[in-house]
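Here's the structure, in structure tokens; my notes come after.
The values are calculated or read from the model by the stated rules, or taken from the named source; none is laboratory data. In this text the structure is predicted, and so the values were computed from the model without any measurement. Virtual Cβ from ideal backbone geometry, glycine too; neighbours counted across all protein chains shown. Remember, those area values only see protein heavy atoms, side chains included, never the ligands or the DNA or RNA. Shrake-Rupley method; radii C 1.70, N 1.55, O 1.52, S 1.80 Å.
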Amino acid sequence: VSQSRYTLHSRNLSLNDLPFGDHSIHIRSQIIGAAWSKPETVIVHVIAPFWKTTYFAILSIVLIFAILALIFYVYSRTRILKLKQISTIKAERERISIDLHDDVGADLTRIALMAERLKEDDDTSSQKTLADKIISNAGGLRQKAVEIFAAYR
């Protein structure tokens, strides 16, 4: 309780600058030429605005930490998802590489063997048949490559 002594010479009292907390005001009055009245006590409780309270400060700190934790969680989750996506893409590329190696490699070997037989063969009818097989296998190989690339775009 604060202690101050003021003498007021009017009927109005302004208490705008009172600090937060409880204050007791002792009031006496006097009519000119008469004796002072018996003192009356008035208790005034000045409430702090909510943003100046301890609860608000604690709540603000907790809220800031919660927001920071949420930001960290979202960042971590996004990073984990990106790493999973990169891992999935890497695994898919390896699988495509193996598919290409197996399919295309076998067909290229077959074409190379047919071309060798074509070089060694003297019979023109068998050369024509081998040339047709080479052309067919090369077309099939090209079609497989197109299918593999189209499937993984």
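I'd like the residue in the range 12-65 that is outside any loop (DSSP other than H, G, I, E, B), hydroxyl-bearing (Ser, Thr, Tyr) and surrounded by 10 or more Cβ atoms within 10 Å (Cβ to Cβ) and, out of all such residues, is modelled with the highest pLDDT. Result: SER60.
Looking across the range 60-106, the residues that are closer than 30 Å to ALA145 by Cβ and either among the hydrophobic types (A, V, I, L, M, F, W, C) or touching a Cys at 6+ places or on another chain (Cβ under 7 Å) (or both) come down to ILE86, ILE89, ALA91, ILE96, ILE98, LEU100, VAL104, ALA106. Among the residues here, ALA106 qualifies as over 44 Å from the mean Cα position of the chain (by Cα), over 30 Å from LEU15 (Cα atoms) and part of a helix (DSSP H, G or I). Taking (1) assigned to a loop (DSSP other than H, G, I, E, B); (2) modelled with pLDDT of 85 or more; (3) not small (Gly, Ala, Ser) in turn, HIS9 satisfies each apart from (2). The listed residues are ARG93, ARG79, and the only one of them that is basic (Lys, Arg), at pLDDT below 95 and part of a helix (DSSP H, G or I) turns out to be ARG93. Determine, yes or no, whether LYS82 is on the phi < 0 side of the Ramachandran plot and open to solvent by 90 Å² or more (accessible area, probe 1.4 Å). It is true that LYS82 is on the phi < 0 side of the Ramachandran plot and open to solvent by 90 Å² or more (accessible area, probe 1.4 Å).
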